[in-house]
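Here's the structure, in structure tokens; my notes come after.
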Amino acid sequence: MNLHEYQGKELLNSFGVRIQRGIVADNHKKAVEAAKQLATETGTGWWVVKAQIHAGGRGKGGGVKLAKSLAEVEKISEDIIGMMLVTPQTSAQGKKVHQVLVAEDVYYPGANEPDEYYMSVLLNRGTGRNMIMYSTEGGMDIEAVAENTPHLIFTEDIDPLLGLLPFQARKIAFNLGLSGVALKEMIKFVTSLYTAFVKSDSSLFEINPVLKTSDDKILAVDSKVTIDDNALFRHKDLALLRDLREENEIEVEANAAGLNYVDLDGNVGCMVNGAGLAMSTMDLIKQSGGEPANFLDVGGTADAKRVETAFRIILKDSNVKAILVNIFGGIVRCDRVAQGVIDAYKNMGDAINVPIIVRLQGTNAIEAKQLIDDSGLDVISATEFQEAADKVQQVLK
């Protein structure tokens with residue numbers, strides 16, 4: 001589950017991570033009031049107005065702007081709220097902006113020049129440990145930094161039993177070239193950041209940039225936070241932060257129906273029971289010359305109602321040209337699944353307007369194939385994996 005920048009910052013701040021202070025607003029009048037409040041509380045005379053969407057690269061699309069007066073805060077907020085913001089991480093249509101974060105200006109003049117760093121906390125899948133990734137090249141496209149100057153990317157693996165040790169926090173601060181007050185501030189920042197990551201059951205923290213201000217404070221100017229969905233039962237307060245407006249509508253509907261569904265860009269819909277079989281089925285579709293339109297695991301109870309719901313969700317994608325149902329009858333009997341497919345097909349009538357290939361293997365697979373073949377419906381049955389692949393290929397021609 002992704003959080004907005006302002007939500008991520010509030011989470012970080014609750015664990016003692018210093019942040020760029022800001023107030024969220026959903027219209028330009030509230031944005032002006034937010035700017036006035038920040039001026040009173042922080043003394044700031046300039047403000048940064050940031051679009052709040054679940055995507056990076058907002059500045060490149062015109063979603064992050066500096067306002068040097070209250071009049072500019074109002075004008076910029078009015079322009080951004082309601083716009084379809086297109087960034088390198090959105091579709092060509094972009095995402096609608098419903099709110100902005102009005103934040104204090106932290107790039108104020110002082111004895112030292114402000115510096116920007118990159119920092120993230122995530123799982124290193126190669127080692128099975130959490131990892132802090134960081135760089136002196138903050139405020140930039142970190143992918144480009146990794147590709148062009150990989151020596152400027154540092155990583156620190158964390159032992160899950162010991163957690164982040166003091167020497168590791170010091171090492172990170174030293175590698176960023178810090179000393180004196182800034183070094184102590186960075187050690188505190190990194191320690192609090194890692195604590196927040198673990199305690200919130202997050203799968204990703206990304207802060208770009210982490211700023212060293214002109215008076216050597218270390219703070220998060222941005223935040224990208226992703227919470228592990230599987231841990232939300234432990235974090236009822238965080239679950240309430242979910243913004244369904246930012247998520248794929250079909251995925252939201254599937255989740256509400258208890259289906260594991262991920263929307264993809266292909267032309268063949270998948271309905272499978274079991275995540276491993278679903279991945280294999282997607283490979284099968286690729287090998288047959290198609291592209292998977294979704295990942296959909298209906299689970300072990302593929303009854304008529306569940307199958308019908310799955311069909312309706314798959315067919316919401318106008319790019320789907322065929323549907324492959326691939327069920328292994330272990331927990332559930334194949335003949336019951338076959339009857340579910342037949343009942344769902346009859347209930348939906350003309351709503352099913354693409355070919356359906358059904359492969360059922362396992363308990364009562366022979367009876368299931370007979371049911372499909374005798375149904376009189378436009379459903380193509382298959383027994384073997386390759387047979388299903390060949391039939392997918394045939395219907396796509």
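Once segment 290-331 is narrowed to residues that are at pLDDT below 85 and either assigned to a loop (DSSP other than H, G, I, E, B) or not assigned by TED's automatic domain parsing to the domain that holds L264 (or both), the residue that is surrounded by the fewest Cβ atoms within 10 Å (Cβ to Cβ) is G300.
Every condition in (1) closer than 16 Å to Y118 by Cα; (2) in contact with a His (Cβ under 7 Å, 6 or more places away or on another chain); (3) of a type in the set (D, E, K, R) is met by D243 except one, and the failing one is (1).
Residues that are more than 24 Å from A338 (Cα to Cα) and either touching a Leu at 6+ places or on another chain (Cβ under 8 Å) or free of Cβ contacts under 8 Å to residues at least 60 places away in the same chain (or both) within segment 263-287 comprise D263, L264, D265, G266, K286, listed in sequence order.
Pairs linking a residue in segment 192-215 that is more than 16 Å from E5 (Cα to Cα) to a residue that is modelled with pLDDT of 95 or more and of a type in the set (S, T, Y), with Cβ atoms under 8 Å and 6 or more positions apart or on different chains, are K212/Y117. For first residues located in segment 223-234 and free of Cβ contacts under 8 Å to residues at least 60 places away in the same chain, partners that are in a helix (DSSP H, G or I) and hydrophobic (A, V, I, L, M, F, W, C) and lie 6+ apart or on another chain with Cβ distances below 9 Å form the pairs A231/L238; F233/A239. Being surrounded by 14 or more Cβ atoms within 10 Å (Cβ to Cβ), in the same structural domain as R58 (by TED's automatic domain parsing) and touching a strand residue (DSSP E or B) at 6+ places or on another chain (Cβ under 7 Å) holds for only one residue in I132, I80, and it is I80.
Screening A220 against (1) within 22 Å of I53 (Cα to Cα); (2) modelled with pLDDT under 95 leaves a single unmet condition, (2).
Of the residues G340, G349, the single one that is surrounded by fewer than 19 Cβ atoms within 10 Å (Cβ to Cβ) and not polar (S, T, N, Q) is G349. Could you tell me whether any residue of segment 202-209 is of a type in the set (V, I, T), in contact with a Leu (Cβ under 9 Å, 6 or more places away or on another chain) and over 27 Å from L66 (Cα atoms)? No, the conditions are met nowhere in segment 202-209.
Restricting segment 130-166 to residues that are in contact (Cβ under 8 Å) with a residue 24 or more places away in the chain and part of a strand (DSSP E or B), the residue that is nearest to A182 (Cα to Cα) is Y134. Assess whether V392 counts as being closer than 21 Å to S280 by Cα, touching a residue at least 12 places away in the same chain (Cβ under 8 Å), among the aliphatic types (A, V, I, L, M) and assigned to a strand (DSSP E or B). Spelling it out, it is not the case that V392 is closer than 21 Å to S280 by Cα, touching a residue at least 12 places away in the same chain (Cβ under 8 Å), among the aliphatic types (A, V, I, L, M) and assigned to a strand (DSSP E or B).
Given the condition surrounded by fewer than 18 Cβ atoms within 10 Å (Cβ to Cβ) and modelled with pLDDT of 95 or more, answer yes or no: does some residue in segment 53-67 qualify? Yes, that holds for at least one residue. Filtering M186, M133, M140 for residues that are closer than 22 Å to I53 by Cβ and of a type outside the set (F, W, Y) leaves a single hit, M140. Filtered by the rule that a residue be in contact with a helix residue (DSSP H, G or I) (Cβ under 8 Å, 6 or more places away or on another chain) and either in a loop (DSSP other than H, G, I, E, B) or outside the structural domain of R312 (by TED's automatic domain parsing) (or both), segment 355-377 gives P355, T363, N364, S375, L377. I'd like to check something: does segment 254-268 contain any residue that is loosely packed, with under 14 Cβ neighbours inside 10 Å and at positive phi? The answer is yes, given that some residue of segment 254-268 is loosely packed, with under 14 Cβ neighbours inside 10 Å and at positive phi. Against the list (1) surrounded by 17 or more Cβ atoms within 10 Å (Cβ to Cβ); (2) more than 22 Å from the chain's Cα centre (by Cα), the condition I142 fails is (2).
The values are calculated or read from the model by the stated rules, or taken from the named source; none is laboratory data. Just so you know, these numbers come straight off a predicted model, no measurement behind them. With ideal geometry, Cβ positions are generated from the backbone for all residues, glycine too; neighbour counts draw on all protein chains shown.
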